[in-house]
Amino acid sequence: MTVRNAALIAGLVAVPVLIPAMAGADHKPDHNPGGGVASLSIAAKPNPIVFGGATVLSGRLAGTGNAGRTVTLREDPFPFGDGDKAVATAVTNTLGDYSFTRRPPLNTIFRTAVGNTRSPNVLVNVRIRMSLRVSDSTPRVGQRVRFKGRACPTHNGLVVAIQRRSSTGRYRTVRRTTLKPATTCSAYSRTFRIYRDGRYRVTADDADHARGYSRSRVLDTPR
């Protein structure tokens, strides 16, 4: 057998091996039944939210044949990494759009799936809900004023910072206290003397929740 004939025979033997590999390229996991590679997006608005509030998770399944497809929402709450689980399903509209409304109780990672197609992860941060009340909003100079309120959900023992806004607009911590057990959530209280006008707020954060802020309160010391 000549060298030329041997090369020709080797080439013919290789052809059947290539054909199955080429056929398999039309059956990738991320292809839609209608054809075209699928991609799945996700976004959360608003983000962050305050404890008890809602966020809308929405996105689009791109590609052909994307209408009427079942989208599964999966979540992985803090401390993360324990494995996400399916919590809801929705069906895409004629454009491939979907949406879910959720009220996560703590910082949570979400993602969606359609078959083998996965969206990126999106982290929804949940702020601690903080409140602030004062015993007197028009104290005399040097008068003791009590600052009190609640933090939800329960975070007994967490440090609360009482802050006063400076002339530059930045808030600076002037006192600290801790959260204690209460009938609902956790509560705090701190009393100290006020010597001048000021705008105050309280703030706290923990690993499982984003930093929460109360509404500010103005104390006006009469002249």
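Coordinate-derived values only; no laboratory data. Just so you know, these numbers come straight off a predicted model, no measurement behind them. Backbone-built Cβ (ideal geometry, glycine too); neighbour counts: all protein chains shown.
Roughly speaking, what is the stretch gain from Arg133 to Ser189, that is 0.36 nm per residue apart minus the C-alpha to C-alpha distance, in nm to one decimal?
Extra length available between Arg133 and Ser189 comes to 19.2 nm.
Using r as the Cβ-Cβ distance of Thr178 and Ala43, and R0 as 30 Å, what FRET efficiency do you calculate, to the nearest 0.05?
Here the calculated transfer efficiency is 0.20.
Using Cα positions and a limit of under 19 Å, work out the aspartates and glutamates in reach of Lys148, with same-chain residues fewer than 8 apart set aside.
Asp136, Asp197, Asp205, Asp220
Taking the Cα-to-Cβ direction at Asn93 and at Thr70 and moving 7 Å from each Cα, how far apart do the two end points lie in nm?
2.2 nm
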